[in-house]
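Everything below concerns the one structure shown next.
The values are calculated or read from the model by the stated rules, or taken from the named source; none is laboratory data. These figures come from a predicted structure and were not determined experimentally. Don't worry about glycine lacking a Cβ; one is built from the backbone with ideal geometry, like all the others, and counts go over all protein chains shown.
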Amino acid sequence: MSIFSDTLSSLIKEKNIKIFSMVKYCGLDRSTMYKIISGKRNPPSPDIFKQMKDYMRLTPSEEQQLTEAWKIARIGSENYYRRKSVENFICNFPVALPAPADSNFRNELADHEENLSIPLPSRQHVDYYIHRMILSEASRPDGTAGLFLQPDHDFLFRLLSSLKPAGRLHVRHILCLSGRMQFTDENELYDLACLKKIFPLYMIPQLEYRISFFYDEIHSHYYNYSLFPCMILTSDSAVLCSCDYSSGICLQNKEIIRMLWNLYNTYYDDCSVLFEAFSIIPDNCDDIFRKMFASAASDAPLIGIQPEACLTPFLSGGLLDKIFNHSLPNGEEILKLARKYFRLNKAKTESDRFFIYFTYNGLVHFARTGLLEEIPEIFYHPLTADQRAFVLKELMNCCQNKSYRILKEPLNYLPRNLHLCICENQANIIFKNNNGEVTLLTLKEPGLVDAFQDYIENMEDSCFYTAEESVSMIQELILNLDKELP
């Protein structure tokens with residue numbers, strides 16, 4: 001045994017990690033993983049070690065402990081602590097401090113005390129100053145705010161989700177996730193409850209919302225004698241408050257605000273990104289297709305659930321050329337990328353690695369309009385009746401082999417805005433904001449991806465129409481379209 005294997009074994013036991021699931025996540029064979037855990041094999045490579053940490057969902061202190069043990073096992077304790085000592089010296093080298101303030105300092109502070117530091121003795125006071133701060137920041141042409149709290153302050157998140165900023169409002173948020181299976185008093189998975197609270201913020205076009213996270217025990221982090229663990233920062237003010245938002249303090253001193261922003265930025269940079277967000281517009285096509293190619297080219301199966309069927313595998317070369325908007329800037333380059341992506345999706349359907357669960361209402365919407373809801377309308381022209389009929393016939397073949405399935409209750413009325421697909425430890429969510437702009441969110445947090453994947457993979461047959469019923473429903477739509485043809 002080594003210090004690394006001892007620490008790893010202890011954390012696996014303490015956090016009740018399932019070895020088989022971690023083996024699958026990391027792409028190792030079980031024998032290799034057990035040798036790593038027992039110390040019979042050298043510590044894993046940096047890439048494998050990162051995958052192990054991601055899967056284990058460690059708190060910052062646990063990650064530091066395991067990383068230190070991993071480094072010691074790789075380079076030896078003497079080398080590690082020597083290098084660590086040099087690092088600490090460099091990081092903590094003394095800086096020149098300003099000369100001591102003169103005697104007027106105390107008087108000057110006292111004269112402005114009411115403006116610089118304001119006690120907030122009740123939730124009403126806390127909400128009032130948060131309201132003032134957020135509205136003031138939203139009135140700026142380029143406002144900014146930082147949140148260090150859980151998304152359980154309903155007043156704040158309703159305020160943010162109802163804003164119409166004068167310009168751009170940049171909001172960054174640091175969130176604590178539990179790192180284990182934890183439920184609310186309403187028996188809802190805690191981490192998913194957090195997602196529900198924050199998602200409305202992505203619907204505001206002028207609100208640029210970015211969220212990062214760290215793992216810790218929620219209750220101990222916020223409730224165990226933590227004085228003011230929550231913070232809301234703007235460009236000129238800060239509210240520090242209790243976890244139940246019943247008391248706090250408002251600060252407006254410029255030097256203090258600058259110090260808090262520096263501290264906040266350090267914490268934010270140390271956290272992990274929860275979502276990567278991309279607007280699906282012509283200018284972002286390279287980034288969007290790069291994300292999508294990674295899923296489409298993978299050997300792992302892709303599973304999606306959405307209101308209408310994913311029809312990209314059926315937009316073959318000739319049809320794609322006809323419906324594509326060739327007048328787009330860089331249109332031919334975008335078309336080239338689209339052809340490649342759609343071909344990869346087609347290959348996945350032919351090798352039984354592409355599974356889409358959708359609603360009949362979504363299919364009816366496509367048959368009536370010729371619109372592809374997951375693709376912004378700027379990229380294409382609505383499909384004609386004969387083109388829709390062709391696509392539906394291709395879809396019908398996939399329904400026969402059950403790679404495409406039509407949902408029954410309780411999912412037959414999925415929200416029109418939800419397009420979720422999962423492939424290889426990653427979830428992609430496509431939706432429209434309040435301006436109708438299409439956004440792609442990429443989620444890689446293992447617990448949340450596992451929760452989505454576990455649900456979709458374990459849906460019972462009773463959730464779907466049979467293959468025969470699905471084919472009959474599609475045939476009826478095709479007959480109705482045939483009647484429209486000359």
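Per-structure values
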{"item": "Unique residue being in contact with a His (Cβ under 7 Å, 6 or more places away or on another chain) and closer than 17 Å to GLY304 by Cα when the list is PHE452, PHE464, PHE431", "result": "PHE431"}
{"item": "Filter pass, LYS336 being part of a helix (DSSP H, G or I) and surrounded by 19 or more Cβ atoms within 10 Å (Cβ to Cβ)", "result": "no"}
{"item": "Some residue of segment 436-454 being closer than 27 Å to GLU350 by Cβ, modelled with pLDDT of 85 or more and out of contact with any strand residue (DSSP E or B) (no Cβ under 7 Å at 6 or more places or on another chain)", "result": "yes"}
{"item": "Count - residues of segment 67-95 that are at pLDDT 75 or above and acidic (Asp, Glu)", "result": "2"}
{"item": "Condition check for GLU276: acidic (Asp, Glu), at pLDDT 85 or above and either surrounded by fewer than 16 Cβ atoms within 10 Å (Cβ to Cβ) or not in a strand (DSSP E or B) (or both)", "result": "yes"}
{"item": "Index of the failed condition, PRO165 passing every other in (1) crowded, with 21+ Cβ neighbours inside 10 Å; (2) within 18 Å of GLY447 (Cβ to Cβ)", "result": "(2)"}
{"item": "Sole residue being of a type in the set (Gly, Ala, Ser) and either in contact (Cβ under 8 Å) with a residue 60 or more places away in the chain or touching a helix residue (DSSP H, G or I) at 6+ places or on another chain (Cβ under 9 Å) (or both), chosen from ALA193, ALA166", "result": "ALA166"}
{"item": "Exclusive hit being assigned to a helix (DSSP H, G or I), at pLDDT 90 or above and closer than 22 Å to GLN64 by Cα, set SER9, SER21, SER31", "result": "SER9"}
{"item": "Set ILE429, ILE406, ILE474: member being out of contact with any Ser or Thr (no Cβ under 6 Å at 6 or more places or on another chain), within 27 Å of ALA347 (Cβ to Cβ), modelled with pLDDT of 90 or more and buried (at least 19 other Cβ atoms within 10 Å of the Cβ)", "result": "ILE474"}
{"item": "Single condition ASN265 does not satisfy, out of (1) under 24 Å from the mean Cα position of the chain (by Cα); (2) at pLDDT below 90; (3) polar (S, T, N, Q)", "result": "(2)"}
{"item": "Tabulated pairs, segment 69-80, first assigned by TED's automatic domain parsing to the domain that holds MET52, second surrounded by fewer than 17 Cβ atoms within 10 Å (Cβ to Cβ) and outside any helix (DSSP H, G or I), C-beta under 9 angstrom, 6+ apart or interchain", "result": "ALA73/ASN42; ARG74/ASN42"}
{"item": "Residue satisfying all of: in segment 236-248; surrounded by fewer than 18 Cβ atoms within 10 Å (Cβ to Cβ) and over 26 Å from the mean Cα position of the chain (by Cα); farthest from LEU175 (Cα to Cα) among these", "result": "ASP236"}
{"item": "Filter result for ASP154 (over 20 Å from the mean Cα position of the chain (by Cα) and charged (D, E, K, R))", "result": "yes"}
{"item": "Yes/no for ASN16 being polar (S, T, N, Q) and in a loop (DSSP other than H, G, I, E, B)", "result": "yes"}
{"item": "Residue under evaluation PRO43, criteria (1) under 23 Å from the mean Cα position of the chain (by Cα); (2) assigned to a loop (DSSP other than H, G, I, E, B); (3) over 30 Å from HIS221 (Cα atoms), criterion not met", "result": "(1)"}
{"item": "Filtered residues of segment 180-224 (kept if small (Gly, Ala, Ser) and modelled with pLDDT under 80)", "result": "SER220"}
{"item": "Out of TYR413, TYR455, sole residue that is of a type in the set (Ser, Thr, Tyr), surrounded by fewer than 17 Cβ atoms within 10 Å (Cβ to Cβ), in contact with a Ser or Thr (Cβ under 8 Å, 6 or more places away or on another chain) and on the phi < 0 side of the Ramachandran plot", "result": "TYR413"}
